[in-house]
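The values are calculated or read from the model by the stated rules, or taken from the named source; none is laboratory data. Predicted model, so just to flag it, every value in this text is computed and none were measured. Neighbour counts are summed over all protein chains in view; Cβ atoms, including those assigned to glycine, are modelled from backbone coordinates with ideal geometry. Side chains included, ligands, DNA and RNA excluded: accessible areas come from the protein's heavy atoms. Shrake-Rupley method; radii C 1.70, N 1.55, O 1.52, S 1.80 Å.
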Amino acid sequence: MRVRKAVIPAAGLGTRLLPATKAQPKEMLPVVDKPALHYVVEEAVESGIEDILIITGRGKRAIVDYFDAYPELEEHLERSGKYDVLEEIRKITEMANIFYVRQKAPRGLGDAILYAKRFVDDEPFAVLLGDDIILSNPPCTKTLIELHEEFGGNVIAVEEVEVEDVSRYGIVKPEEIREGVYRVLDIVEKPRVDEAPSNLATMGRYILTPKIFDYLKKIGPGYGGEIQLTDALRVSLRDTTLHAYRLRGRRYDIGDKFGYIIANIELALMRDELRDKLLEYLRSIK
Ligand code: UTP
């Protein structure tokens, strides 16, 4: 079945970016001049997704406002002849069909995904984490959808991380079946360095079959007392294949201070109007 729906969990507390995230969703923090979530929605749309469900929570209203129309602003831009910005603002509203549901409490990524059950119904669906910006050509989600069409089952994106960092991620035990594509034999959330089955870490992109909801309901709280998607994927290995794709592209974890700063610098360097000025400035810093 074709993948046409995506779920974007964006209900986390963003404690690593406090105090900035006390009154502002981290997914709405600007990267150059667009909120991080805008890039994530763009990736979904460029991957052929038609309907998007954003999982929001307390204090996340800015997300809903961002993708909504703003007639007063549009009129103002029109009156003042700022047609370029006007077009850009209008495009945001027309990007995709966006739906929302609120996670009642931040009980983990797995719990957030459970809120998508009715939206997803019986179709395979994509999950894109709202705080991971991925730049690649073709878009990462599009590649995952193609792998799902080839192999069926669940598909995830992975990236090599430094061995000493494995305990911050979900880590897979891989069997390479062709360059950059693996059958996953096991998956474990935040393993100790000496127990990690590899240094291939899950990042924020998945294609899941609706069977995942059964497992998410059954597993109890895992690492950090939260319902972990990784734990549900592990149990699902009993009857569902899991394939992993090693990302060819750049990924920015904007939920982390350093990742957020790097994202701003690198994406600014990709803009013609900013590149030379920024490079000159960076070179001048002692
Ligand atoms: P993270 O673990 O990176 O988000 O979850 P967090 O909990 O907000 O971050 P810190 O550690 O406190 O800084 C990955 C993604 O899952 C979403 C987050 O919004 C993020 O996009 N998430 C996480 C939820 O939607 N609900 C949750 O209960 C937890």
_Residue under evaluation Glu88, criteria (1) open to solvent by less than 20 Å² (accessible area, probe 1.4 Å); (2) free of Cβ contacts under 8 Å to residues at least 12 places away in the same chain, criterion not met_ = (1)
*If you scan region 139-151, which residues turn out to be in contact with an Asp or Glu (Cβ under 9 Å, 6 or more places away or on another chain) and open to solvent by 60 Å² or more (accessible area, probe 1.4 Å)?*
Lys142
*Please name all residue pairs, on different chains or six or more residues apart, with Cβ atoms under 6 Å, provided the first residue is in region 1-17 and is part of a loop (DSSP other than H, G, I, E, B) and the second residue is open to solvent by 70 Å² or more (accessible area, probe 1.4 Å) and more than 6 Å from the ligand (Cβ to nearest atom).*
Arg4/Glu50
_Which residue is farthest from Pro9 (Cα to Cα), if the candidates are limited to region 66-85 and must be loosely packed, with under 13 Cβ neighbours inside 10 Å and among the acidic types (Asp, Glu)?_
Glu78
_Arg79 being over 19 Å from Leu233 (Cβ atoms), within 15 Å of the ligand (Cβ to nearest atom) and out of contact with any Asp or Glu (no Cβ under 8 Å at 6 or more places or on another chain)_ = no
*Within region 96-123, can you find the residues that are more than 16 Å from the ligand (Cβ to nearest atom) and open to solvent by 40 Å² or more (accessible area, probe 1.4 Å)?*
Asn97, Arg118, Asp121, Asp122
_Can you pull out every residue in region 239-286 that is part of a loop (DSSP other than H, G, I, E, B), surrounded by fewer than 18 Cβ atoms within 10 Å (Cβ to Cβ), in contact with a helix residue (DSSP H, G or I) (Cβ under 9 Å, 6 or more places away or on another chain) and not small (Gly, Ala, Ser)?_
Thr240, Thr241, Arg248, Asp256, Arg271
_So, Asp111, is that one more than 16 Å from the chain's Cα centre (by Cα) and either assigned to a helix (DSSP H, G or I) or of a type in the set (D, E, K, R) (or both) or not?_
no
*Within the group Leu216, Leu242, Leu237, which residue is within 16 Å of the ligand (Cβ to nearest atom) and at pLDDT 95 or above?*
Leu216
*Return only the number of the condition from (1) of a type in the set (A, V, I, L, M, F, W, C); (2) open to solvent by 30 Å² or more (accessible area, probe 1.4 Å); (3) in contact (Cβ under 8 Å) with a residue 40 or more places away in the chain; (4) within 16 Å of the ligand (Cβ to nearest atom) that Leu229 does not satisfy.*
(2)
_Conditions (1) closer than 21 Å to Phe125 by Cα; (2) β-branched (Val, Ile, Thr); (3) open to solvent by less than 10 Å² (accessible area, probe 1.4 Å); number of the one not met by Val45_ = (3)
